[in-house]
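What follows draws every value from the coordinates through simple rules; no lab data is involved. The structure displayed is predicted, hence computed values, not measured ones. Backbone-built Cβ (ideal geometry, glycine too); neighbour counts: all protein chains shown.
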């Protein structure tokens, strides 16, 4: 199942200004093994957003790499939003944290790789304070009143961007 198009647009090549060339991500990892053209590969699962990022080298000159966010399970209830980094303006200056940088080399075109960056913006929602019985509870009437007043805390968000690096093969 795919994440709704309104939540995440299938990402093409994002503007290079969105990518944080010098920033160090929270998650450090080696480059993925080289991937063949037409073979889908999982890049990362974001459990809070109920999404798995899947990429594929297409072999097409106009769109050589396709990135998709697939829903992990129909029963999963997302606790964070997943958005396009370019549309959200994800950058360190805007309060986003570079969470992960995934490099995927192409097996058919040595020196060419897709670079997928995952940005994270912590939400303001937290665990509610403890009540008289020592329990952290959310009461329906209070929650509905906050929702009607537009005073709900912001959810955490993840933003995804993709860029191709290296020279294209002919």
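Residue by residue, here is whether (1) buried (at least 16 other Cβ atoms within 10 Å of the Cβ); (2) farther than 20 Å from residue 41 by Cα; (3) touching a strand residue (DSSP E or B) at 6+ places or on another chain (Cβ under 9 Å) holds:
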residue: 74; (1), (2), (3): no, yes, no
residue: 87; (1), (2), (3): no, yes, yes
residue: 109; (1), (2), (3): yes, no, yes
residue: 116; (1), (2), (3): yes, no, yes
residue: 122; (1), (2), (3): no, yes, yes
residue: 133; (1), (2), (3): no, yes, no
residue: 136; (1), (2), (3): no, yes, yes
residue: 161; (1), (2), (3): yes, no, yes
residue: 165; (1), (2), (3): no, no, yes
Evaluation of residue 155 against (1) closer than 28 Å to residue 35 by Cβ; (2) in contact (Cβ under 8 Å) with a residue 40 or more places away in the chain; (3) in a loop (DSSP other than H, G, I, E, B) (one fails), failing number: (1)
